[in-house]
Amino acid sequence: MAARKLRFIKPEIRIVGVDDGFFLPHTHGKCDVIGVVFRGGYWLDGVMRTQIEIDGMDATEKIGGMIVNSPHHGQLRVVMLDGVTFAGFNIVDTSQLHEIVSLPIIAITREKPNFDDIQKALKNLSFSKERWKAIANGKDVTEVSMREGKKTVYIQAVGIELDIAKRVVKSTATRSNIPEALRVAHLIASGLTSPLQQ
């Protein structure tokens, strides 16, 4: 399947934002991952769900499958991730995810990733070289200044021109400095798996 090129941005561009729910660190088990489909930064169109292993190696495959098998896949134009580490250190390889879903990938964080600290932490886990390779595939980080009075965010973009990625992030962040698809995905994932339910 050929990747879809994003040449211009419509106000109702369909985006899926992906975030994980609560989990107990350093435990065995699964963690919920929620995908929320938004048209632009205003209209909620759908929700999808999968589960990944805590500190596992299946985030890229499971998130890719969740998106490809969704009825929304044909209308999506961008995938947004809340960073690249899910359920501890279950790392999404953004380049591989781009190939699986044939869509641009934008990973967004509020803080600039400290790759030295991440690499040190990975040494305590199995498959540390594979995990680091997944991170290194999307290692280029760009700071994006949001609207006046809002903080900056940091993005890693794959399969999309950087200036277009910045415009997508800014245009879909209508209620905070985080795009609505990611903000709502975080709310739903947190609500489904709150600490009281563990």
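The values are calculated or read from the model by the stated rules, or taken from the named source; none is laboratory data. No experiment lies behind these values; they were computed from the predicted model shown. In this analysis, Cβ positions are derived from the backbone assuming ideal geometry, glycine residues included, and neighbour counts consider all displayed protein chains.
When residues of the range 135-187 are filtered for being in contact with an Asp or Glu (Cβ under 8 Å, 6 or more places away or on another chain), β-branched (Val, Ile, Thr) and within 21 Å of GLU12 (Cβ to Cβ), how many remain?
Qualifying residue count for the region: 2.
So which residues in the range 35-75 are among the hydrophobic types (A, V, I, L, M, F, W, C), surrounded by 22 or more Cβ atoms within 10 Å (Cβ to Cβ) and within 18 Å of ILE100 (Cβ to Cβ)? Outline the logic, then answer.
Here is the first cut: in the range 35-75, the ones among the hydrophobic types (A, V, I, L, M, F, W, C) are 36-38, 43-44, 47-48, 52, 54, 57, 59, 63, 66-68.
This time we only want the ones that are surrounded by 22 or more Cβ atoms within 10 Å (Cβ to Cβ), so: 36-38, 52, 59, 63, 67.
Across the range 35-75, the qualifying residues are VAL37, ILE52, ALA59, ILE63, ILE67.
Could you identify the single residue in GLY41, GLY88 that is among the small types (Gly, Ala, Ser), touching a residue at least 12 places away in the same chain (Cβ under 8 Å) and either in a strand (DSSP E or B) or under 26 Å from ASP163 (Cβ atoms) (or both)? Write out each step before concluding.
Working: GLY88 fails: either in a strand (DSSP E or B) or under 26 Å from ASP163 (Cβ atoms) (or both).
After applying the criteria, what remains is GLY41.
Got a sec? Which of MET80, MET48, MET57, MET66 is assigned to a loop (DSSP other than H, G, I, E, B), hydrophobic (A, V, I, L, M, F, W, C) and either over 20 Å from GLU180 (Cβ atoms) or touching a residue at least 12 places away in the same chain (Cβ under 8 Å) (or both)?
Details: MET80 fails: assigned to a loop (DSSP other than H, G, I, E, B); MET48 fails: assigned to a loop (DSSP other than H, G, I, E, B); MET66 fails: assigned to a loop (DSSP other than H, G, I, E, B).
Among MET80, MET48, MET57, MET66, only MET57 is assigned to a loop (DSSP other than H, G, I, E, B), hydrophobic (A, V, I, L, M, F, W, C) and either over 20 Å from GLU180 (Cβ atoms) or touching a residue at least 12 places away in the same chain (Cβ under 8 Å) (or both).
Tell me whether the range 26-33 contains one or more residues that are over 14 Å from the mean Cα position of the chain (by Cα), among the basic types (Lys, Arg) and part of a loop (DSSP other than H, G, I, E, B).
Filtering the range 26-33 for residues over 14 Å from the mean Cα position of the chain (by Cα) gives 26-31.
Pick out the ones that are also among the basic types (Lys, Arg) and you get 30.
Now drop any that are not part of a loop (DSSP other than H, G, I, E, B), which leaves none.
No.
Determine, yes or no, whether HIS26 is at pLDDT 95 or above, surrounded by fewer than 22 Cβ atoms within 10 Å (Cβ to Cβ) and over 24 Å from TYR154 (Cα atoms).
no
Hey, among LYS129, LYS170, which residue is more than 18 Å from GLY83 (Cβ to Cβ), in a helix (DSSP H, G or I) and more than 19 Å from the chain's Cα centre (by Cα)? Can you show your working first?
Working: LYS170 fails: more than 19 Å from the chain's Cα centre (by Cα).
Within the list LYS129, LYS170, the selection yields LYS129.
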